[in-house]
Amino acid sequence: QNKVVKIGTLSSDRGFANGDTRLAAVALALGSDGGSLVYGTGPADAEHVATQIASDLRIIQNQELKDLSSFIREHVHPGYSLVQHVLKGVGFHYGKMPSLLREALEEAFKTGKLKYLVCTTTLFQGVNLPARSVFIDTPTRGRLGDELDPAALWNFAGRAGRLGKDIIGNVFLVGYETWETQPLSERKAFTIDPSFRKIVTGHRAKVLTLMRGEDGDPNDDDRASIEAASGLLISKAARGTASAFVNRAMGDSITTLEKSELVTTAEAAVLQLGLPQETLITNWMVNPFGQSRLLKRFREKIAEGKEQDLIPVHPSPWTLAIYRRYVGIFGRLNKQIYAKSATSKYNNLLASVALAWMGGSPLPQIIAKKIGYLKKSKENVNVDSAIRGVFEFVEDILRFRYVQLGRAYVDLLRHALKEANMEELSKGVYDFPLALELGVSSVAGQAFIEVGLSRISAATLESLIPDSNPSVERVRLWLAALNGNELGISAVMWGELLRKGLVKEESTSDLNLSLDDDDPLENLNLNE
């Protein structure tokens, strides 16, 4: 039986009555000894709590923190609050950040340079980041306050206690008695529910509706999951394995008759769609009826002799013609896949940011353009919010949604061109979803990413290697031959090269820590 055992009373001159600042106050009072992980319910909250903690601390004279601050200033934005926070040993961490920035923050926390790291649920799983103390003041997540799985909270609490460094770890539940639920009163294990079974059991009628080509409710909170379940079933039917899959995945959760209805509806959809089998199998995450509409549109344009308008091209160097081509591609995707037209403003935005991203434009350049746009309509712009908005747009919209849609676009266009006996033209279709996913379109940039480097490092090293067409092996050999940090790249990038084993450990003795303090946004101009 669980019971509370009082082990003592701690008195502090610091006040804890303000609920808005209590988490930061408790972390400052109890977390100064050793590394402390503080839970933020979302990216904005993590930024807010980190700012509160940092406001009551002083700058630490440490070269590694200066290097980290300079890296953030140069490769994100000078006005990002993290630039100043890390100088005080405070950071925040969320999933949509550039990978190298997240890794640099994690490394600084592991080595004890960062004393506080305010993090979202992104850090609950997958990242081994132990701490001396963990602070949690709510069992919820996100702006809507959705309840967290108790096992996820237990997993986060389990970060307290650093193997080989601490005998014990501290978990501080701030205001626990006032929480709507007390999920940490009893240890909970993770329960793994197959998502397909869960969706079909709860929304079988809706899955059937979508597989019949009917629209359903576009505002359904579970729409994305229902679409994925219906697409997966249709892809299994295209393989001829729908019946075996449904029996295995659903078990006894639905009746034999209900299973049969799912299978026969999926098989009928395959016949109705008339899509290539490989497309149904590969691009099952994209609405198959939307893909069917897209293929029909391709055939119409080809029949009109306007096939060139359809073909994606290399994004660099930027020209107005290339920009217009991609406005058309994104507009076509939105209209055919979603069966409704996006605004011209949104299609223009997609094309503008996508071309900058694929062309390797530095993040500060993209962020500066976003902030400049916001300043035209707002007197005061929250820089952290604007930066977070760019991160989310790149990760959620471009690198997730439109990479998936782009793959379907390329596959279907190549099919339509071959079908029209335009084999050579089909070979010239540029693989823009790959460039969109990687954030670079050059041979050299993609080679650096292929060896495991982040986009930030790849873009920097691409500008330094005296070879515009290197193979992956050539890139490895060039990096391995470096005599210390003779290129003068930032310490954060050099650290990534060391972690990936691409340069020699002993070369750190020659590390050049000097950085250019000039404004990285000066003279940068993102093409309209």
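Looking at segment 441-492, which of the residues that are among the β-branched types (Val, Ile, Thr), under 19 Å from Asp431 (Cβ atoms) and touching a helix residue (DSSP H, G or I) at 6+ places or on another chain (Cβ under 8 Å) is surrounded by the fewest Cβ atoms within 10 Å (Cβ to Cβ)? Lay out the reasoning, then the answer.
So in segment 441-492, the residues among the β-branched types (Val, Ile, Thr) come out as 443, 449, 451, 456, 460, 465, 472, 475, 489, 492.
Among the residues that remain, those that are also under 19 Å from Asp431 (Cβ atoms) are: 443, 449, 472.
Retained after the next criterion (residues that are touching a helix residue (DSSP H, G or I) at 6+ places or on another chain (Cβ under 8 Å)): 449, 472.
Values: Ile449: 21, Val472: 13.
Filtering segment 441-492 for residues that are among the β-branched types (Val, Ile, Thr), under 19 Å from Asp431 (Cβ atoms) and touching a helix residue (DSSP H, G or I) at 6+ places or on another chain (Cβ under 8 Å), the one surrounded by the fewest Cβ atoms within 10 Å (Cβ to Cβ) comes out as Val472.
Within segment 197-236, how many residues turn out to be in contact (Cβ under 8 Å) with a residue 40 or more places away in the chain, closer than 16 Å to Ser260 by Cα and of a type in the set (D, E, K, R)?
Result for segment 197-236: 3.
Residues Ala408, Ala491, Ala459, Ala447: which one is of a type outside the set (D, E, K, R) and within 30 Å of Gly305 (Cβ to Cβ)?
Answer to the check: Ala408.
Inspect segment 301-309 for any residue being modelled with pLDDT under 95, of a type outside the set (Lys, Arg) and assigned to a loop (DSSP other than H, G, I, E, B) and give the result as yes or no.
Checked against the condition, which is being modelled with pLDDT under 95, of a type outside the set (Lys, Arg) and assigned to a loop (DSSP other than H, G, I, E, B), segment 301-309 yields no hits at all.
The rows are residues; the columns are (1) surrounded by 18 or more Cβ atoms within 10 Å (Cβ to Cβ); (2) under 20 Å from Glu214 (Cβ atoms); (3) among the aromatic types (Phe, Trp, Tyr).
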| residue | (1), (2), (3) |
| --- | --- |
| Thr265 | yes, yes, no |
| Leu271 | no, yes, no |
| Leu275 | yes, yes, no |
| Ile281 | no, no, no |
| Trp284 | yes, yes, yes |
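Select, from Glu486, Glu496, the only residue that is among the charged types (D, E, K, R) and more than 19 Å from Lys66 (Cβ to Cβ).
Details: Glu496 fails: more than 19 Å from Lys66 (Cβ to Cβ).
Only one candidate passes the filter, namely Glu486.
Any idea how many residues of segment 460-479 are in a helix (DSSP H, G or I) and either closer than 26 Å to Gln63 by Cβ or free of Cβ contacts under 8 Å to residues at least 24 places away in the same chain (or both)?
6
Pick out the one residue from Ala27, Ala44 that is closer than 20 Å to Leu184 by Cα and either in a helix (DSSP H, G or I) or in contact with an Asp or Glu (Cβ under 8 Å, 6 or more places away or on another chain) (or both).
Just a single option satisfies the conditions, and that option is Ala27.
Please pick out the residue among Leu349, Leu333 that is under 19 Å from Pro433 (Cβ atoms), open to solvent by 60 Å² or more (accessible area, probe 1.4 Å) and part of a helix (DSSP H, G or I).
After ruling out the rest, the residue left standing is Leu349.
Please count how many residues of segment 89-129 are assigned to a helix (DSSP H, G or I) and buried (at least 21 other Cβ atoms within 10 Å of the Cβ).
So the answer is 7.
The values are calculated or read from the model by the stated rules, or taken from the named source; none is laboratory data. All of these numbers come straight from a predicted model, not from anything done at the bench. Using ideal geometry, Cβ is built from the backbone for each residue, glycine included, and neighbour counts are taken over all protein chains shown. Note: areas computed on protein heavy atoms with side chains; ligands, DNA, RNA excluded. Shrake-Rupley method; radii C 1.70, N 1.55, O 1.52, S 1.80 Å.
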